[in-house]
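Before any comments, here is the structure.
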Amino acid sequence: MVNKELIMLPGPTNVPERVLYAMIQPMISHRGAEFHKIYSEIEDNLKYVFQTENDVFVLSSSGTGGVECVVSNLVNRGEKVIVPIFGVFSKRLAEAVRRRGGIPVEVDLPLGTTPKSHHIKEVVEREADAKAVFIVYNETSTGVVVRELPDIVKIAKEKNMLTVVDAVSALGGDKLPVDEWEVDICMAGSQKCLACPPGLSMISVKQNAWEKIEKTENKPFYFDLTLMREYAAKKETPFTPAIPLFYALNEALKMMREEGLERSIERHKRCAEAFYSAIEAYGMTIYPKEKETRSNTVIAVNIPEKVDDSLVRRIMQDKYKVVIGGGMDKLKGKIFRIGNMGKVTLAEVVMTLSALGNALKDVGCHVNIEAGLEAAIKVFDH
Ligand code: PLP
């Protein structure tokens, strides 16, 4: 099974053969011993990746399902939740709260920047009756990561507020020690840094979050976390799980364990550094405003003036067989987004850079390809 294209999207990513083949197995009973074993292995390895002793769950839904599940298990009608807004996914988080009947206290920040602890401190003090801070750790739409997350969690905790972290595009690819940072609830997705196919979301829940969840009124039926906890005791899910995806996740997590989480995070970081150095050597600019908040998993690059975004990406895909993402919402046509997730190495970095440089050249925008590739390779030389 050979990939016909190199998928460098901010999810889904290229899936290793081992994980793809793991899905081609007969169906089993999700109430039998074989499934219990798979469930236990996934649970153990997920705790390893989340770096937590908290309860962990796998939902047969994409990342948004995980977000919706947490919101609807935690937020009561009329309750306030603080949500820093700095891109599409943080806006969606606020929308999920609103649809549930909660009141998102939106902290608007310029696109390309991240919330800092002082922003949150000010809002947390002003909105002392808010229940939680809901925050996207890695904003996939702008290519930034909230480096001050540990301080933000502390600030929320001082006011007895929970911290709920959307780490869909970061888990396994950037630092996120859930227990050390005392994150109360964390959500992730299968199709990003774990290099698994799309369709599963994962959630970790800390004890003090359970105390709030248990008191939530009108909990959802399909996404009831307390029911999931009940079934987890038997190593089962309340409803029929997406069994082939569970096979895949089990294999992907085993691969993560074989490599080691630290090494995986380090590899993502190094590939990101290579991308950033090369893009700058190309004479192009990086979208995030502050260097220290550039994401290690999503590389957001400003599109040079007069360059047609969709044409470049079409040439990259058709001629050079590399697929990258474009901008979302207000950033449509303004940035390229390269997914630096999953099993990325220098080889994928160089192929992507070369495809991008050559496609730009094909549309008459000359970049210094040689200098860019040299800069990328240099990052791996030390
Ligand atoms: N949150 C973040 C930060 C994401 O990047 C994404 C997907 O890209 C989601 C949530 C939603 O995940 P999905 O598209 O799997 O529903």
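Bear in mind these aren't lab numbers, they're just calculated from the coordinates by the rules spelled out. Just so we're clear, the structure is a prediction, and the values are computed from it rather than from any experiment. Counting neighbours? That spans all protein chains shown, and the Cβs are built from the backbone with ideal geometry, glycine included.
Do the conditions hold for R126, that is, is it basic (K, R), away from the ligand (no atom under 15 Å from the Cβ) and without any contact (Cβ under 8 Å) to a residue 24 or more places away in the chain? So R126 fits the description; yes. Here the stretch 227-244 is the region considered, the condition is being assigned to a helix (DSSP H, G or I) and of a type in the set (D, E, K, R), and the residue that is nearest to D55 (Cα to Cα) is R229.
Annotation note: of G112, G66, the sole residue that is closer than 16 Å to V183 by Cβ, in contact with a Ser or Thr (Cβ under 6 Å, 6 or more places away or on another chain) and within 16 Å of the ligand (Cβ to nearest atom) is G66.
Suppose we filter the stretch 172-189 for residues that are within 23 Å of E230 (Cα to Cα) and in contact with a Leu (Cβ under 8 Å, 6 or more places away or on another chain); how many remain? First the steps, then the outcome.
Step one: of the stretch 172-189, the residues within 23 Å of E230 (Cα to Cα) are 178-179, 183-189.
Applying the additional criterion that residues be in contact with a Leu (Cβ under 8 Å, 6 or more places away or on another chain) yields 183-186, 188-189.
Here the count works out to 6.
Take V58 and tell me if it is assigned to a helix (DSSP H, G or I) and among the β-branched types (V, I, T).
Numbers: assigned to a helix (DSSP H, G or I): no; among the β-branched types (V, I, T): yes.
No; evaluated as a whole, the condition is false for this residue.
When residues in the stretch 275-319 are screened for being among the small types (G, A, S) and farther than 26 Å from P115 by Cα, 4 of them pass. Within the stretch 137-187, restricting attention to residues that are among the polar types (S, T, N, Q) and surrounded by 24 or more Cβ atoms within 10 Å (Cβ to Cβ), the residue that is farthest from the ligand (Cβ to nearest atom) is T163.
Looking across I24, I7, I38, I82, one residue alone is over 23 Å from I185 (Cβ atoms), part of a strand (DSSP E or B) and of a type outside the set (D, E, K, R). It is I7.
Assess whether A195 counts as being within 12 Å of the chain's Cα centre (by Cα), in contact (Cβ under 8 Å) with a residue 60 or more places away in the chain and more than 13 Å from the ligand (Cβ to nearest atom). Steps first, answer last, please.
Working: within 12 Å of the chain's Cα centre (by Cα): yes; in contact (Cβ under 8 Å) with a residue 60 or more places away in the chain: yes; more than 13 Å from the ligand (Cβ to nearest atom): yes.
So A195 fits the description; yes.
Selection of the stretch 277-298 for residues being surrounded by fewer than 18 Cβ atoms within 10 Å (Cβ to Cβ) and either free of Cβ contacts under 8 Å to residues at least 40 places away in the same chain or of a type in the set (A, V, I, L, M, F, W, C) (or both) yields T285, K291.
From E258, E236, E273, grab the single residue that is closer than 25 Å to V205 by Cβ and acidic (D, E).
Working: E258 fails: closer than 25 Å to V205 by Cβ; E273 fails: closer than 25 Å to V205 by Cβ.
Only one candidate passes the filter, namely E236.
Would you please name the residue that is farthest from the ligand (Cβ to nearest atom), looking only at residues in the stretch 1-58 that are loosely packed, with under 15 Cβ neighbours inside 10 Å and of a type in the set (G, A, S)? The extreme case among them is A33.
State yes or no: is L225 within 16 Å of the ligand (Cβ to nearest atom) and among the aliphatic types (A, V, I, L, M)? In short, no. What do you reckon, is A232 surrounded by fewer than 20 Cβ atoms within 10 Å (Cβ to Cβ), under 21 Å from V178 (Cβ atoms) and in contact (Cβ under 8 Å) with a residue 24 or more places away in the chain? The answer is yes for A232. Residues of the stretch 168-194 that are in a strand (DSSP E or B) and touching a His at 6+ places or on another chain (Cβ under 9 Å): D174 alone. Apart from one condition, R77 fits all of (1) of a type outside the set (S, T, N, Q); (2) assigned to a helix (DSSP H, G or I); (3) surrounded by fewer than 21 Cβ atoms within 10 Å (Cβ to Cβ); the exception is (2).
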